[in-house]
Every structure is written in C-alpha cells, then in structure tokens.
Amino acid sequence: MRIAILSCLDFIVPGGAERFFIDMAHALDATIVCLSYDQGLSEMYPLAKTIRFHPLNQTLPPEPFRQLAGMYLFRSLHLDYDFFIVTDDMALRYLIHDVPHCYFLLTPRRALYDMYYQTLADLPLPNRIVFGAILSVFRHLDRRFVRNHIRNLAAISHNVRSRIWRTYQMPATVLYPPIHIDAYQNLGYDDFWLSVSRVDKWKRIELQIEAFRCMPEKRLLVAGRIYPGYEYLRDTAPSNVEFLGAVEDAVLARLYGMCRGFITTAIDEDYGLTPLEAMASGKPVVATKEGGYLETIADGYTGILVAPDYQAICDAIMKIDEDPTRYADASRRQAEMFDYKLFKEQLSTYVHTLTQG
C-alpha cells in the first residue's frame, strides 16, 4: 500500500514536527509530500536518508497570505497514493478529494483557538482589528471543512485530543510521538543544566533565564533556534546562561547525556518530546505543571512539575541538584514507554484498521 504524509513544511532543519513525520514515514514506508526538501537535513537527522520525499518546490508568502496559498496549493494537487495522512490545516485541503485518510494533528492551530486572544494581544491595535477578523474567518472555514470532509482523527497526546474535542466536537485516537531510546545514554553529570527549545513567545525561555539569574553559581545551556524578535533574550541573559543555537543530533545527544538536569517551560505544551529525550538519558526534568508534560513526566520520580514562576523553578533545581542521580533509573524506565518500536507497532495497527474498515 502506497501511503503519503502531507505536510505544508519545508524539510530543511529537523524540528520536532519534521522528526516526527520522518519517524512516521519510516514506520509505514511512506512518502512525505512537502513544500521543499534539503539534502542537508539528513546530516542533522540521519533517519531522513531512508525516507522518500516528494517536494513540491513551492515557496509560500508570509502570513496571513501563507495560509490561503498553502490551502490552495494542496487543494489543487492530484496525487497517486492509496492512503493519506494529513498533518496540518493547509495540507488538509487535499481532502477535498474523497480519498482514504487520517488527519493526524499536532494540535488545532493555536492562534485560531486556545491562543486566539493571546495572539491578538501581542499585536498593535490596528493590526489587532484586522487580524482578529482574518482569524475569525479562518476559524469558521477550518471547522466547516473538518465537519464536512474528515472521518478519522488522531492526536499526539491526550492534551491535544481534548483540544480537538473542544474545537471540532469529534473524537481522536492518541498515538504518542516516539523517541529512539537506544540513541540516548547517561554520560555522567557535568556542571550545566540543559534547555532544548526554539526561542519564541510560546516557550517562556525568559522564566528559565530569570531563574538562573537568581542562581549565578549554576549554568544553563539553551539549544535551539532563536526566532526573529527574541534575540534580546540572548543579549540580556546573565553570563551563566549560554545560547547554542541549533545543534546536530550527535551533539544534542551528548548534551543530554552530560547535563545535570533538563528544564522546559512551554505554555500548555502539546506533548513535549524533549523531556522524554532527557529522561531517556537518565536525567531529571523540571517542567511547568501543564499540558503534555502531565502525560510524560512522573512528578517526584522523573523530575518535578512546578508553577510557571521563576522562584518555583529555582527551588526545584536546587532540590534536584542535591542528588540528580536518584532520578536516573525511573527516568529511563519512563522514557522506554515511548520508544519507537512501540510507536511503529501502534501506528501500523491503527492505519491497517482504517484501511481495512
């Protein structure tokens, strides 16, 4: 059976979504249909070498026109596959064609739904009025399309499944994105804590910076791309906080293996893959007590869940730093529950069930 995974992404730098889609394609021997593909991707995520890509070689305009252009692009495609897995609300428009499918959501678009008011609050008043109207129209179109064309929904976490129900009043099957457990190991405990995240408004890196500003004797390394407009976080950070930018997988695995612990503070995280990668390395995690972190981190056993407050983060780090080794075994066992081998079996069974139904 020929399976296509449709994504309105450029596969150039392997972020969490790109890695997940590559893992999914590998599990199903599927082809990834995307905007563009760079051969250099496989240098940062070697599994990409095993995947067939079908790049459309298209460049979309900036928002808000990007959304319209992406929807039109996929709506007008004609692809010869037996089953389609759609991964975003632009590629979703391909399902105007009545084909066997699954809509696998990382999350309903947050700017349209649960982050709608926060998105508008960050804009100047004139833009707020214009974008408010635009987002309302897109929200109406999105709900109507899903109601009329989608039969099968899957979600990456129970947190996302709940958002899907609130948004579309439709059930979804939960399939957790995997980690490759064998790629991680505990290499000891160096003198630094680790954060792995893009640097933008959703990840609340400023909380981490303020926590370590209050603990000048401790170090924090932040690995991940800094989005435009957030360079000031790097420029104003204290000397014990270092920004590394995007790093290759081999370097990242070593950072996980050598850190004392891991910290993550995203707003209502969809799922949160990076804490699992840290736990696979036997390292404790400090995370905000919300979203997908509630599903992956065992509070008190594999780390500590805290309020989104820098003092609470400080207290948790100080407690763990007394003896981070005591979390190692529980962290590894927890991570093993999300291993790629289990994911491959679950995903294959799910798709087989849909195609046989």
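Compare ALA253, ALA48, ALA121 in a GNM of the chain, Cα atoms joined below 10 Å, and give the one with the largest fluctuation.
ALA121
Can you list the DSSP H helices in the chain whose Cα atoms extend at least 20 Å along the helix axis and whose mean Kyte-Doolittle hydropathy is 0.0 or higher?
125-149
Placing unit charges on C-beta atoms (Lys and Arg positive, Asp and Glu negative, everything else neutral), compute the dipole magnitude of the chain about its Cα centre in debye, rounded to 20.
With Lys and Arg at +1 and Asp and Glu at -1, about 1040 debye.
What residue among PHE84, GLN67, ALA133 has its Cα farthest toward the positive end of the dipole of the chain, where the charges are +1 on Lys, Arg and -1 on Asp, Glu, each on the Cβ?
Positive-most Cα among the choices belongs to ALA133.
Highest GNM mean-square fluctuation, the chain, Cα pairs closer than 10 Å: which of ASP299, ASP235, ASP182?
ASP235
Put GLU18, GLU322 in order of accessible area, largest first, 1.4 Å probe: what do you get?
In descending accessible area the options line up as GLU322, GLU18.
What does the net charge come to around HIS180 if you take all other residues with beta carbon closer than 12 Å to its beta carbon, with K and R at +1 and D and E at -1?
Computed value for this residue: -3.
Can you compute the modelled spin-label distance between ASP122 and GLU242, with each label point 7 Å from Cα toward Cβ, in nm?
Reported label-point gap for ASP122 and GLU242 is 2.8 nm.
For LYS289 paired with ARG151, estimate the spin-label separation in nm (one decimal), with each label point 7 Å from Cα along the Cα-to-Cβ line.
Simple spin-label model gives 4.4 nm for this pair.
Just to check, using Stokes-Einstein with a Kirkwood Rh over alpha carbon pairs, what's the diffusion coefficient of the range 209-357 at 4 °C and 1.567 mPa s in µm²/s?
So the translational diffusion coefficient is about 78 µm²/s.
Can you give the charge dipole size of the range 1-159 about its Cα centre, rounded to the nearest 20 debye, using +1 on the beta carbon of Lys and Arg and -1 on the beta carbon of Asp and Glu?
So the magnitude is around 500 debye.
Using a 1.4 Å probe and ignoring any ligands, DNA or RNA, find the accessible area of TYR310 and quote it in Å² to the nearest 10.
That residue has around 90 Å² of solvent-accessible surface.
Taking 32 Å as the cut-off for C-alpha to C-alpha distance, list the pairs among LYS201/LYS319; LYS49/LYS283; LYS289/LYS341; LYS49/LYS319; LYS203/LYS319; LYS201/LYS283 that go past it.
LYS49/LYS319
Take the alpha carbon atoms of the chain, find their radius of gyration, then divide it by 2.2 N^0.38 Å using N residues; give the quotient.
1.00
Work through the residues other than TYR189 whose Cβ is under 11 Å from its Cβ and net out their charges, Lys, Arg +1 and Asp, Glu -1.
Value of the local net charge: -2.
Under a Cβ-Cβ cut-off of 13 Å, what is the net charge of the residues other than SER348 that fall near it, where Lys and Arg count +1 and Asp and Glu count -1?
Once positives and negatives cancel, what remains is -1.
Nearest 500 deg cm²/dmol is fine: what mean residue ellipticity at 222 nm does the chain get from its DSSP H runs of n ≥ 4 alone, each adding -39,500 (n - 2.57), divided by its residue count?
Value at 222 nm, helices only, nearest 500: -12000 deg cm²/dmol.
Could you give each residue of the range 40-56 its phi-based ³J(HN,Hα) in whole Hz, using Karplus coefficients 6.51, -1.76, 1.60 with θ = phi - 60°, and x for Gly or Pro?
My calculation for the range 40-56 gives x, 4, 5, 6, 8, 9, x, 4, 4, 5, 8, 9, 7, 10, 10, x, 8 Hz in order.
For the chain, with a Gaussian network of springs between Cα atoms less than 10 Å apart, report the residue from TYR327, TYR94, TYR81 with the top mean-square fluctuation.
Ranking TYR327, TYR94, TYR81 by mean-square fluctuation puts TYR81 first.
So who's got an amide H within less than 5 Å of the one on SER157, skipping anything under 5 residues away but keeping other chains? H placed 1.01 Å off N, in plane.
Residues meeting the criterion, in which the H sits 1.01 Å from N, are LEU175.
How many angstrom lie between the Cα centre of the range 161-191 and the Cα centre of the range 220-272?
19
Amide H of GLY303 versus every other amide H placed in the peptide plane: which residues, excluding those fewer than 5 positions away on the same chain, fall under 5 Å?
Under 5 Å from the amide H of GLY303 lie the amide H atoms of VAL285, each far enough along the sequence or on another chain.
The values are calculated or read from the model by the stated rules, or taken from the named source; none is laboratory data. It should be emphasised that the depicted structure is a prediction, and the values quoted were computed from it without experimental measurement. In this analysis, Cβ positions are derived from the backbone assuming ideal geometry, glycine residues included, and neighbour counts consider all displayed protein chains. Calculation scope for accessible area: heavy atoms of the full protein, side chains included, ligands and nucleic acids excluded. Shrake-Rupley method; radii C 1.70, N 1.55, O 1.52, S 1.80 Å.
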